[in-house]
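Only one structure is covered here, and it is reproduced in the block below.
The values are calculated or read from the model by the stated rules, or taken from the named source; none is laboratory data. Computed from a prediction, not measured in an experiment: that's the story for all the values here. Positions of Cβ are generated from backbone atoms using ideal geometry, with glycine treated the same way; all protein chains shown enter the neighbour counts.
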Amino acid sequence: MFEKLLKHNIWSASDPVSLDPKTISVYPFSEYNMEGLKILLDNSKRMGSENTNVRVATVDPTLWLGPFLDKHWQKISFISTLVSFNIFKLEGNNLVSKAYRCSNFEFKSDDELDNFFNEKKFRKLVMFSITKFVDLETMTSKYTVRLADITEKYEERDMKIEEILK
């Protein structure tokens, strides 16, 4: 498979898609690759750095991100450095680029956030950031999560079948 791709010179100058390795923006997230954790922490800090008033404040991710990841890290497949990114996939013998954009999700409690990630059991999620805010007037917290679901239908089916067979 790879031999055919390389022999057909898929990185030709006429290719409109940039395959420059410096433009890679999605990193695997697993116990074997902690680059994603570094990127997630940086993105989360940047997304929460704008405390524009005293009523709502962001909580530094080093205080709460660890316990969150301990529960849900296996449900996150990749971490992205950009809100919009491309994923290169092999479809047949062709290299195909698919564009994705992270969506914003808001959760009013830890339970809502946990339920969301427990429902996404059979998904491939690419996370850009997760930010925790505290309303200082009501002393309630909320989360803002920016992520994209890149799961193909056949992948979801295969994950469900694998779970059943275990």
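Within the stretch 107-135, the set of residues being exposed (fewer than 12 other Cβ atoms within 10 Å of the Cβ), of a type outside the set (Lys, Arg) and farther than 22 Å from Glu152 by Cα comprises just one member, Asp111. Looking at the stretch 144-165, can you tell me whether even one residue there is among the aromatic types (Phe, Trp, Tyr) and within 15 Å of the chain's Cα centre (by Cα)? Scanning the stretch 144-165 turns up no residue that is among the aromatic types (Phe, Trp, Tyr) and within 15 Å of the chain's Cα centre (by Cα). Counting only strands (runs of 3 or more DSSP E) that sit completely within the stretch 94-165, those holding 2 or more residues that are among the polar types (S, T, N, Q), under 30 Å from Ile24 (Cβ atoms) and at pLDDT 90 or above correspond to 103-107, 125-135.
Which of the residues belonging to the stretch 17-37 are in a loop (DSSP other than H, G, I, E, B), of a type outside the set (Ser, Thr, Tyr) and modelled with pLDDT of 80 or more?
Within the stretch 17-37, Phe29, Glu31, Met34 qualify.
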